[in-house]
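Novice: Dumping the structure here so I can ask a few things about it.
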Amino acid sequence: MSPPPAESHIILLIQQGSDPKTRIWSDHCSLRSAIEYIVGVYQTNQAVSEKESIDVSRFFNFFDEIYDCVPLVYDRHFRAYIPHEKQWLLHHAQEYLTAARQIP
């Protein structure tokens, strides 16, 4: 699972429940920004403050319960947005959270 270039544009399409009214989208200039957005959605839904460390297993459970999440990543070669699976984003979120936990 190779990451996109650091400056890749990403559009996140998220549907939190089966009701289409729960659909949201967000637009990001990097993979890190997209992951930080997902972490922010988790913190908002779980009433976790930014200063608290994130329980990674609870984050994964929350992420698994999201009805649908599609990251569209801009590919300069094709000059198009390429859809990725929810697990692709989860993999990169895991790397991000693991690295964040190692920072004192």
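Values quoted throughout were computed directly from the atomic coordinates according to the rules given, and no laboratory measurement underlies them. Because the structure is a prediction, the values reported are computed rather than measured. When we count neighbours, we look across all protein chains shown, and the Cβ atoms used for this are built from the backbone with ideal geometry, even at glycine.
Novice: So how do 77-87, 58-68 stack up, highest first, on mean other-Cβ count within 10 Å?
Specialist: Numbers: 77-87: 11.6, 58-68: 14.5.
Result, highest mean Cβ count within 10 Å first: 58-68, 77-87.
Novice: With θ taken as phi - 60° and the coefficients 6.51, -1.76 and 1.60, list the Karplus ³J(HN,Hα) couplings across the range 14-25 in order, rounded to whole Hz; mark glycine and proline as x.
Specialist: So the Karplus estimates, Gly and Pro as x, are 10, 10, 7, x, 6, 6, x, 5, 8, 6, 9, 9 Hz.
Novice: I need Thr98, Thr22 ordered by Cβ neighbour count within 10 Å, fewest first. Write down the numbers at each step before the final one.
Specialist: Details: Thr98 10, Thr22 13.
Exposure proxy ranking, most exposed first: Thr98, Thr22.
Novice: Measuring from label point to label point, each 7 Å out along Cα→Cβ, what is the Leu13 to Arg101 span in nm?
Specialist: 3.2 nm
Novice: For the chain, what does -39500 (n - 2.57) per DSSP helix run (n ≥ 4), summed and divided by total residues, give at 222 nm, in deg cm²/dmol to the nearest 500? Can you show the working numbers first?
Specialist: Details: 3 runs with 43 residues, N = 104.
When only DSSP H runs of four or more count, the value is -13500 deg cm²/dmol.
Novice: Further question: Between Ala47 and Trp88, what FRET efficiency follows from the Cβ-Cβ distance if R0 is 35 Å, with the result rounded to 0.05?
Specialist: Details: r = 28 Å, r/R0 = 0.79.
Taking R0 as 35 Å, the efficiency between Ala47 and Trp88 is 0.80.
Novice: Could I ask something else about it? Just want the answer: with Cβ charges of +1 for Lys and Arg and -1 for Asp and Glu, which residue in Thr44, Ile82, Phe62 is farthest toward the dipole's positive end in the range 10-100?
Specialist: Ile82
Novice: What is the set of long-range amide H partners of Ile82 at a cut-off below 5 Å, with H atoms built 1.01 Å from backbone N?
Specialist: Amide H to amide H, under 5 Å and 5 or more residues apart or across chains, Ile82 pairs with Val73, Tyr74, Asp75.
Novice: Counting alpha carbon pairs within less than 8 Å and at least 6 residues apart, what relative contact order, in whole percent, applies to the range 10-100? Provide the component values of the computation, followed by the final result.
Specialist: Numbers: 104 pairs, mean separation 29.3, N = 91.
32 percent.
Novice: Also: For Tyr67 and Arg32 in the same chain, what is the full-extension length gain: residue separation times 0.36 nm, less their Cα-Cα distance, in nm? Could the numbers behind the result be given before it?
Specialist: On the way: separation 35, 0.36 × 35 = 12.60 nm, distance 2.19 nm.
Here the answer is 10.4 nm.
Novice: First obtain the Kirkwood hydrodynamic radius of the chain from its Cα pairs, then insert it into the Stokes-Einstein equation at 25 °C and 0.890 mPa s, and state the resulting D in µm² per second as a whole number.
Specialist: Working: Rh = 14.3 Å.
It comes out at roughly 172 µm²/s.
Novice: Oh, and also: About the Cα centre of the chain, what is the dipole size in debye to 20, counting +1 per Lys and Arg Cβ and -1 per Asp and Glu Cβ, all else neutral?
Specialist: 160 debye
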